[in-house]
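Student: First the structure, then my questions, so here it is.
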Amino acid sequence: MAAQRGEFSSRLGFILAAAGSAVGLGNIWKFPFEVGNGGGGAFVVMYLIFCFLLCFPVMVAEIAIGRKTQKNAVGAFVALNKPRWSFIGKLGILSGFLILSFYNVVAGWAFGYVIEMVSGNFDIGQHFGEFVSNWMRVGLYGLVFMGTTAYIVSHGVQGGIEKAAKLLMPSLIIIMVVLLVYALTLPGAMDGIKFYLIPDFSKITGPVVYSALGQAFFSLSLGMGALITYGSYLNKDQNIIQSTAMITLMDVGIAFLAGLMLFPFVFSQGVEPTGGAGLIFITLPGVFEELGPNMGVIVGSLFFLLLSFAALTSTVSLLEVPVAYVVDEHNVPRKRAVWLTAFLVFLIGVPSLLSNGASSILTNFVQIIGMAREGATDHSFMTFIGWVANDTFLPFGGMMISIFAAYIWKKENLAEELSHGDENYKGSIIEKYINFAISFLAPVVLSAIFVLTVLSRFFGIDLVG
Ligand code: PFF
């Protein structure tokens, strides 16, 4: 059976694919502006704490459930004789659909920007509003992006997902290092580094903690069964704890380096670092222009290529979640499952595509349904879907997965699975910590996040900014 479903050929293949899922727009687009809004280094510290203390154990649980059952996010719960819990996987598939539907739109922008930068159109930043409201053009970029994602996924685990990750992840790291070294040589770079790294703990407020946690969770691709699915292609000799540590380190490392590269660029041109979501798409092209015509084209194109590569390995994992379900549970051949699912997700993404200026109803959606918060400027349908999927479903899914692993599947069975490939696991301090985290810490913290999100996003009791 396993051979038919596919299997990663090596530990490195699995780590790169899972790190590819984790490293995405969340690291390079979202992380730096969250840092900008959350008081620089103070946010970074919070983020690191959450990644290692809270997210790491949840990731271990997800991968272990997948590897134990060798099944997709829904089938895994059935295989463990707990079919009633398969709602977690179903919710995960729904989250995957929703996230991919808008994620692909932003990935399309990134890809479009590669083309703009190659042709030296640095003005694009000032015309960002026009760019994103031109739905035909951005739709075409999105279609190309979704097509590429589907092409990779259609080639299966080894020939598609693993191969792409082995090509894209090292390229991404090389581009990142080249840009980072260059950024650090720019005048004013040190001011950027200082802003980024010196923590101002007075900035740690409730909303900052909330967004650091949400960011950590989203960035590590947790709570929707992506890692159950990838874990299901992992063989029994692999050490899950070590692999999870590597994946977390790569994700955190790349987010960290993204900031270390970005702030010197921004500060070298004396631009405000709090540009919000526009920091990358609005501010950066102007910064690149200042580097001179040749350098600007090279650096600008490389930067958006980096962003596109990062997004691609993530869209691949987002698409694989529903595809694995359809292939396993409904016996649909992989190629057909992939193209049908991709087409469906693209269609579901059309409202998001239109919600950045093309349709005024969708652009002002949050206001129209009466959920706009004071001071907010972005009211798009796309933002709304982000609240539902990223901010609500993911923490809920993560909480349920932890509760499931600790109390339903049970810690002994989890430990048994984790000791394959790691004979020292049982009785170790890591085991104790993971058990504590999935039994108490994660359920408590994630349910708090879930409640806070629901109250503030959907009931107007603004607790999280
Ligand atoms: N981790 C990705 C990012 O940081 O951009 C987003 C993501 C991918 C979330 C896959 C969830 C997922 F299953």
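The values are calculated or read from the model by the stated rules, or taken from the named source; none is laboratory data. Remember, predicted model here, so these are calculated numbers, not experimental data. Here the Cβ is made from the backbone with ideal geometry for all residues, glycine too, and neighbour counts use every protein chain on show.
Student: Give the residues of segment 41-55 that are of a type in the set (A, V, I, L, M, F, W, C) and either outside any helix (DSSP H, G or I) or under 21 Å from Thr244 (Cα atoms) (or both), sorted by residue number.
Tutor: The answer is Val44, Val45, Met46, Leu48, Ile49, Phe50, Cys51, Phe52, Leu53, Leu54, Cys55.
Student: Can you name the helices (runs of 4 or more DSSP H) wholly within segment 388-465 that have at least 3 residues being under 17 Å from Gly66 (Cα atoms)?
Tutor: Per the criteria, 394-403, 411-419.
Student: Hey, another quick one. Can you pull out every residue in segment 1-14 that is part of a helix (DSSP H, G or I) and buried (at least 22 other Cβ atoms within 10 Å of the Cβ)?
Tutor: Phe14
Student: Between Leu172, Leu186, which is aliphatic (A, V, I, L, M), away from the ligand (no atom under 14 Å from the Cβ) and over 22 Å from Val345 (Cβ atoms)?
Tutor: Numbers: Leu172 fails: away from the ligand (no atom under 14 Å from the Cβ).
Answer to the selection: Leu186.
Residue by residue, here is whether (1) under 26 Å from Lys82 (Cα atoms); (2) free of Cβ contacts under 8 Å to residues at least 60 places away in the same chain; (3) surrounded by fewer than 22 Cβ atoms within 10 Å (Cβ to Cβ) holds:
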| site | (1), (2), (3) |
| --- | --- |
| Gly398 | yes, no, no |
| Ser402 | yes, no, no |
| Tyr407 | yes, yes, yes |
| Glu412 | yes, yes, yes |
| Lys432 | yes, yes, yes |
| Thr453 | no, no, no |
| Val464 | no, no, yes |
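Student: So, in segment 26-60, how many residues would count as being aliphatic (A, V, I, L, M), crowded, with 21+ Cβ neighbours inside 10 Å and at pLDDT 95 or above?
Tutor: 4
Student: Is there any pair with a first residue in segment 373-385 that is without any contact (Cβ under 8 Å) to a residue 40 or more places away in the chain and over 14 Å from Ala358 (Cα atoms) and a second that is aliphatic (A, V, I, L, M) and not in a loop (DSSP other than H, G, I, E, B) whose Cβ atoms are under 6 Å apart and which are 6 or more apart or on different chains, and what are they?
Tutor: From segment 373-385, the pairs are Phe384/Val366.
Student: Confirm whether Ala18 is within 16 Å of the ligand (Cβ to nearest atom), assigned to a loop (DSSP other than H, G, I, E, B) and aliphatic (A, V, I, L, M).
Tutor: no
Student: Return the only residue of Gly214, Gly206 being buried (at least 17 other Cβ atoms within 10 Å of the Cβ) and touching a residue at least 40 places away in the same chain (Cβ under 8 Å).
Tutor: Gly214
Student: Looking only at segment 212-253, which residues are near the ligand (Cβ under 9 Å from one of its atoms) and of a type in the set (D, E, K, R)?
Tutor: Of everything in segment 212-253, just one residue is near the ligand (Cβ under 9 Å from one of its atoms) and of a type in the set (D, E, K, R), namely Asp251.
Student: With (1) under 19 Å from Val326 (Cβ atoms); (2) within 13 Å of the ligand (Cβ to nearest atom); (3) not hydroxyl-bearing (Ser, Thr, Tyr) as the list, and Ala76 as the residue in question, which single condition is left unmet?
Tutor: With (1) under 19 Å from Val326 (Cβ atoms); (2) within 13 Å of the ligand (Cβ to nearest atom); (3) not hydroxyl-bearing (Ser, Thr, Tyr) applied to Ala76, the lone miss is (2).
Student: Restricting to segment 365-390, what's the tally of residues that are away from the ligand (no atom under 16 Å from the Cβ), touching a helix residue (DSSP H, G or I) at 6+ places or on another chain (Cβ under 9 Å) and not β-branched (Val, Ile, Thr)?
Tutor: Result for segment 365-390: 10.
Student: Is it fair to say Met46 is within 12 Å of the ligand (Cβ to nearest atom) and touching a residue at least 24 places away in the same chain (Cβ under 8 Å)?
Tutor: When the stated conditions are applied, Met46 does not pass them.
Student: Among the residues of segment 91-120, what is the count of those that are surrounded by fewer than 19 Cβ atoms within 10 Å (Cβ to Cβ) and within 15 Å of the ligand (Cβ to nearest atom)?
Tutor: 1
Student: On the given criteria, is Met261 surrounded by fewer than 19 Cβ atoms within 10 Å (Cβ to Cβ) and either in contact with a Cys (Cβ under 7 Å, 6 or more places away or on another chain) or on the phi < 0 side of the Ramachandran plot (or both)?
Tutor: Answer is no for this residue.
Student: Step by step: first the residues of segment 304-356, then only those that are aromatic (Phe, Trp, Tyr) and within 16 Å of the ligand (Cβ to nearest atom), then the one that is nearest to Tyr182 (Cα to Cα). Which residue is that?
Tutor: Result: Phe304.
Student: Can I ask one more? How many of the residues making up segment 176-203 are surrounded by 19 or more Cβ atoms within 10 Å (Cβ to Cβ) and more than 19 Å from Gln269 (Cα to Cα)?
Tutor: 1
Student: One residue is enough: does segment 28-40 have a residue meeting the conditions touching a helix residue (DSSP H, G or I) at 6+ places or on another chain (Cβ under 7 Å), closer than 25 Å to Phe97 by Cβ, assigned to a loop (DSSP other than H, G, I, E, B) and within 16 Å of the ligand (Cβ to nearest atom)?
Tutor: no
Student: Here's something else I'd like to know. Scan segment 365-387 residue by residue and report those that are in a loop (DSSP other than H, G, I, E, B), on the phi < 0 side of the Ramachandran plot and surrounded by fewer than 16 Cβ atoms within 10 Å (Cβ to Cβ).
Tutor: If we filter segment 365-387 for residues that are in a loop (DSSP other than H, G, I, E, B), which is where we start, we get 369-380.
Now drop any that are not on the phi < 0 side of the Ramachandran plot, which leaves 369, 371-374, 376-380.
Those that are in a loop (DSSP other than H, G, I, E, B), on the phi < 0 side of the Ramachandran plot and surrounded by fewer than 16 Cβ atoms within 10 Å (Cβ to Cβ): Ile369, Arg373, Glu374, Ala376, Thr377.
Student: If you check every pair at least six apart or on different chains, which have Cβ atoms under 6 Å apart with a residue in segment 123-149 that is closer than 18 Å to Leu305 by Cα first and a residue that is surrounded by 17 or more Cβ atoms within 10 Å (Cβ to Cβ) and of a type in the set (Ser, Thr, Tyr) second?
Tutor: Thr149/Thr315
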